[in-house]
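The values are calculated or read from the model by the stated rules, or taken from the named source; none is laboratory data. Keep in mind it's a predicted model, so treat the numbers as computed, not measured. Positions of Cβ are backbone-derived with ideal geometry, glycine not excepted, and every protein chain shown enters the neighbour counts. Protein only, heavy atoms only, side chains kept; ligands, DNA and RNA dropped before computing areas. Shrake-Rupley method; radii C 1.70, N 1.55, O 1.52, S 1.80 Å.
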Amino acid sequence: MCGIVGYVGPRQATPILVGGLRRLEYRGYDSAGLAVLDPTGHLEVSRSVGKLSALEQLLERQPLLGRVGIGHTRWATHGRPSEANAHPHRVGGVAVVHNGIIENYLDLKRRLQATGREFSSETDTEIVAHLVDEALNAGAPTLVEALRVALSQVVGAYALVVISERHPDEIVAAKNASPLVIGIGVGEMFLASDVPAMLEHTRDVIFLEEGEIAELRATGVKLSNLAGEPVTRASRRITWDAVQAEKNGYPHFMLKEIHEQPRAIADTLRGRLRLDTADAYLEGYEIDPRPLRRVVLVACGTSYHAGLVGKFMIESLARVPCEVDLASEFRYRDPVVGPNDLLIAISQSGETADTLAAVKEARARGGRVLAISNVVDSAIPRVSEGTVYTHAGPEIGVASTKCFTAQLAALALIAIHMGRRSGHLAAPEAAKLIAELAAIPTKMTTALTTLGDLADVAARYRDARDFLFLGRGTNFPIALEGALKLKEISYIHAEGYAAGEMKHGPIALVDDGVPVVVLAPRGPSYEKIISNLVQVRARNGRVIAVGTEGDQQLAEMAECVLFVPDVSPLLQPFMTVLPLQIMSYAIAVARGNDVDQPRNLAKSVTVE
Ligand code: M6R
């Protein structure tokens, strides 16, 4: 989820590239860099760690002059944030910037090393710079041809942009799964991973599509596909302003992030699942569940709710006992942890103070620790033995959405990995689950389209005093998450409950002023949850049901029904959380609240 820019034309490239990167900083900001071809065709690269301002200071001291250049602001996926890992990556006279993940980078790296090539970073991107350089050395007649040779070896997601001393008047770029937009100026061309980067220069753009390659010169752009066949596409005129464009046209980051979930999950799963071996791989981290006494999942807030779903996944697939603990409780309760306990610390930011303290506590007692985090090289990964990174990209809305479902994807990977090694998950069942998991992003896209904006639901319930959320099994954590989401952005009091607990207390709250959200997708506890729904109705409760597409019986019993696609119970949280996120958002908007920065909250809680 990095930001990419490029410029070719008569003006100095550096200020245009830096201005573009400034507009893309929301996409990631752990390091940044530029590569510019100077007037003699000589390539110069400048990179620095931290926010863009650090690069700007460096460029003030050592200006880069030239009329062709590329730039990058990084959100690390492979390798910690450092100058060596910052883009552009340079090999010989070639410089490359990249957004995405090269899945087969280890195989390619080994092959390139065997030919005597040396690497100066831990990134997957540097491979591409080597491959393009290798192709040019082998006689590729044009830069675009060299890029095609490189791409024929690469598996993964990418927006790749390349410049070379041997072809100093052009930029070539390719897209597969990561976004890339070309801006058409008068006698100059722009390129970026998102429209805001170029809006101050042009509003005429071409969005590259999957498997397309662009050659940009000051005089124009030529599009082709991977096979070298020409592609033609008319440009589009952008009518949004820059701030709207940063949010991709969405009014709030939270809504944008809700809609980014299919992509976030696809990126988190990418390269880690294999159907041929029916297995999940954790980038070098191996968990042998056999000597494990138990797994303890620790986290706070939304990440804690992901942990509660993770317990179902790990216990059901690997049959290893799991506990889930709030990090703030775990750290102070003199926990029993030893070398046969695996602590899994879940944190979007990777720096939540309580979760970090829990990890340190577990390590001090000899426990093993695996982190799940969305921020590479953040504090929690740094003190853990290994990390499964979620590739959701920066989450800006304070209310966590895409990082939650990406955490579920990471937990599913861990559970399959452990299940295969514990001997409890046979290959055919694993293959079936892997196929179902791989289909989740598409089903989420369908669900998001079908659910729409839920503005009518919001109008109906926006003035409620309290809300109750009820769920069973894997949907009990989703009831908790639904209540948290609603509380934090709408400021309506809400509670999540295991539906079976309703008659032990919360049923006393039910009246026509308390909407009750009942999570009732088809599955093993369907009949039980329907009984709970009937009990609510019998007390004049207003039921908002979340159910499986086509369930007419449910539609008839509820005041309002929100349908999601059918998936197996272990994976239902990916679907059932979606209407709750959208409904909370819609209610908060209807109440006029600041959705992205709700009162009293902070995105990262680095204090107790
Ligand atoms: O960065 P973390 O995942 O460690 O953060 C944990 C919680 O602070 C976080 O999930 C919080 O509850 C969110 N605001 C929920 O939307």
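In segment 180-220, which strands (runs of 3 or more DSSP E) lie fully inside it and hold 2 or more residues that are more than 17 Å from VAL68 (Cα to Cα) and open to solvent by less than 20 Å² (accessible area, probe 1.4 Å)? First the steps, then the outcome.
On the way: elements: 181-184, 189-192, 204-207, 212-217.
Once the strands (runs of 3 or more DSSP E) in segment 180-220 are filtered for at least 2 residues that are more than 17 Å from VAL68 (Cα to Cα) and open to solvent by less than 20 Å² (accessible area, probe 1.4 Å), what remains is 204-207, 212-217.
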Inset, instruction - Could you run through segment 67-112 and say how many residues are open to solvent by less than 10 Å² (accessible area, probe 1.4 Å) and among the small types (Gly, Ala, Ser)? - result: 5
Inset, instruction - Determine, yes or no, whether GLU329 is open to solvent by 10 Å² or more (accessible area, probe 1.4 Å), touching a residue at least 24 places away in the same chain (Cβ under 8 Å) and of a type in the set (Asp, Glu). - result: no
Legend entry - Candidate set from segment 342-366 (those that are in a helix (DSSP H, G or I) and near the ligand (Cβ under 10 Å from one of its atoms)); member that is least open to solvent (accessible area, probe 1.4 Å): THR355
Inset, instruction - Could you please find all residues in segment 233-292 being more than 26 Å from ILE582 (Cβ to Cβ), in a loop (DSSP other than H, G, I, E, B), assigned by TED's automatic domain parsing to the domain that holds ALA318 and basic (Lys, Arg)? - result: ARG272, ARG290
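Mind telling me which of the residues GLY69, GLY19 ends up being under 27 Å from ASN374 (Cα atoms) and of a type in the set (Gly, Ala, Ser)? Write out each step before concluding.
Working: GLY69 fails: under 27 Å from ASN374 (Cα atoms).
Every option except GLY19 fails the conditions.
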Legend entry - Selection within segment 586-604 - surrounded by fewer than 22 Cβ atoms within 10 Å (Cβ to Cβ) and among the β-branched types (Val, Ile, Thr): VAL589
Legend entry - Among residues of segment 558-585, those that are buried (at least 23 other Cβ atoms within 10 Å of the Cβ), away from the ligand (no atom under 16 Å from the Cβ) and in a helix (DSSP H, G or I), counted: 5
Legend entry - Answer from VAL336, VAL369 - the residue that is open to solvent by 20 Å² or more (accessible area, probe 1.4 Å), without any contact (Cβ under 8 Å) to a residue 40 or more places away in the chain, away from the ligand (no atom under 14 Å from the Cβ) and of a type in the set (Val, Ile, Thr): VAL336
Legend entry - Matching helices (runs of 4 or more DSSP H) fully within segment 441-537 where at least 3 residues are within 16 Å of the ligand (Cβ to nearest atom): 476-490
Inset, instruction - Considering each residue of segment 538-557, count those that are within 24 Å of VAL510 (Cα to Cα), assigned to a helix (DSSP H, G or I) and either open to solvent by 40 Å² or more (accessible area, probe 1.4 Å) or without any contact (Cβ under 8 Å) to a residue 24 or more places away in the chain (or both), and give that number. - result: 3
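When you go through LEU64, LEU21, LEU55 one by one, which is the residue that is open to solvent by less than 10 Å² (accessible area, probe 1.4 Å) and either part of a loop (DSSP other than H, G, I, E, B) or under 22 Å from GLU188 (Cα atoms) (or both)?
Details: LEU64 fails: open to solvent by less than 10 Å² (accessible area, probe 1.4 Å); LEU55 fails: either part of a loop (DSSP other than H, G, I, E, B) or under 22 Å from GLU188 (Cα atoms) (or both).
So the residue among LEU64, LEU21, LEU55 that is open to solvent by less than 10 Å² (accessible area, probe 1.4 Å) and either part of a loop (DSSP other than H, G, I, E, B) or under 22 Å from GLU188 (Cα atoms) (or both) is LEU21.
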Legend entry - Residues satisfying the stated conditions in segment 493-523, i.e. open to solvent by 20 Å² or more (accessible area, probe 1.4 Å), under 24 Å from GLY301 (Cβ atoms) and among the aliphatic types (A, V, I, L, M): ALA498, LEU509
